[in-house]
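Contents: one structure, followed by commentary.
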Amino acid sequence: MIDVAFLNVLEELGSCGTSDVLDRLRLGDRWIDRLGPVTVPGCVAGVAVTTALEPMLPGEPRPPVHLGARAIDAADARSVIVMALDGDEAISGLWGDLLSLAAQVKGVRATVVGGRCRDTDAIRELGYPVFATGTIPASARGRVKEVAVGVPVELDGVRIEPGDVIVSDGDGAVVVPAGEVGRVRDTAEAMLAAEAEITAGIRAGTPLSEILGAGYESMTQDPS
């Protein structure tokens, strides 16, 4: 099980440090660089609760439940909700203030939106973290519908499975495959300790050419 302590380590590393860990483990480029915080700054790591969305057709009946509601119902205090639209992201907002309030009450850590968010001023007042590609005033009602919750989705070509860990901050988002959490945990803790030593050395005035030498260059290299 993915625990909060592991999520906290990834939050300390941030998306950049987590990407370095994946490089060291040769897990590929699993980053999404178009995402950024649109409400509050900071880094959030959590277990993905995925929602697949698609545009509605003209004249299509309205869905019985608003998009995102089922994901919030399925989430817990380790969760990050992921909204993925298969279509033009400029069609509408895929997340708003009521969903944010409900997610916050449920204890959800954040929402990652593969598209636009709306009601950002109100969400900012709540202090709820939302990462998106941008903002828009338009409602999803009558424009976008939910297809499924808890299914594999893609954001900018990066596949996200339910239960994967997603780390989001001002530099973008990085996806850690659920099946690799054990290896990532060990390497992430070692990377965090190494970065603490580097920071301490810089503050102590150690020549930078010594600190950022061969050892630093090899930090993202597979030791095998």
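Observations
- Filter result for Gly87 (surrounded by fewer than 20 Cβ atoms within 10 Å (Cβ to Cβ), without any contact (Cβ under 8 Å) to a residue 24 or more places away in the chain and not aliphatic (A, V, I, L, M)): no
- Any hit, the range 144-162, residues being assigned to a helix (DSSP H, G or I) and surrounded by fewer than 22 Cβ atoms within 10 Å (Cβ to Cβ): no
- Residue match in the range 42-58 (condition: farther than 24 Å from Val176 by Cβ, touching a Cys at 6+ places or on another chain (Cβ under 7 Å), without any contact (Cβ under 8 Å) to a residue 60 or more places away in the chain and not in a helix (DSSP H, G or I)): no
- Among the criteria (1) among the charged types (D, E, K, R); (2) in contact (Cβ under 8 Å) with a residue 12 or more places away in the chain; (3) farther than 17 Å from Ala84 by Cβ; (4) not in a loop (DSSP other than H, G, I, E, B), the one Glu217 does not fulfil is (2).
- Odd one out for Ala5, checked against (1) under 27 Å from Asp121 (Cα atoms); (2) surrounded by fewer than 19 Cβ atoms within 10 Å (Cβ to Cβ); (3) small (Gly, Ala, Ser): (1)
Conditions (1) surrounded by fewer than 15 Cβ atoms within 10 Å (Cβ to Cβ); (2) closer than 26 Å to Gly36 by Cα; (3) in contact with a strand residue (DSSP E or B) (Cβ under 9 Å, 6 or more places away or on another chain), marked per residue:
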{"site": "Val181", "(1), (2), (3)": "no, yes, yes"}
{"site": "Leu192", "(1), (2), (3)": "no, yes, no"}
{"site": "Ala204", "(1), (2), (3)": "yes, no, no"}
{"site": "Pro207", "(1), (2), (3)": "yes, no, no"}
{"site": "Glu210", "(1), (2), (3)": "yes, no, no"}
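- Residue in the range 108-125 that is surrounded by 23 or more Cβ atoms within 10 Å (Cβ to Cβ), under 28 Å from Leu25 (Cβ atoms), small (Gly, Ala, Ser) and out of contact with any Phe, Trp or Tyr (no Cβ under 8 Å at 6 or more places or on another chain) present: yes
- First in the range 187-214 and closer than 23 Å to Asp23 by Cα and touching a residue at least 60 places away in the same chain (Cβ under 8 Å), second anywhere and among the polar types (S, T, N, Q) and assigned to a helix (DSSP H, G or I), Cβ under 8 Å, 6 or more apart: Ala188/Thr18
- Pairs meeting the criteria (first residue in the range 115-129 and at negative phi, second residue crowded, with 22+ Cβ neighbours inside 10 Å and charged (D, E, K, R), beta carbons under 8 Å, at least 6 apart or on different chains) are Pro129/Arg109.
- Those residues of the range 169-214 which are hydroxyl-bearing (Ser, Thr, Tyr) and not in a helix (DSSP H, G or I), in sequence order: Thr206
Bear in mind that the values in this text are calculations on the coordinates, not laboratory data. The structure presented is a predicted model; accordingly, all values stated were derived computationally and were not measured. Quick reminder, even Gly has a Cβ in these numbers, built from the backbone with ideal geometry, and neighbours come from all protein chains shown.
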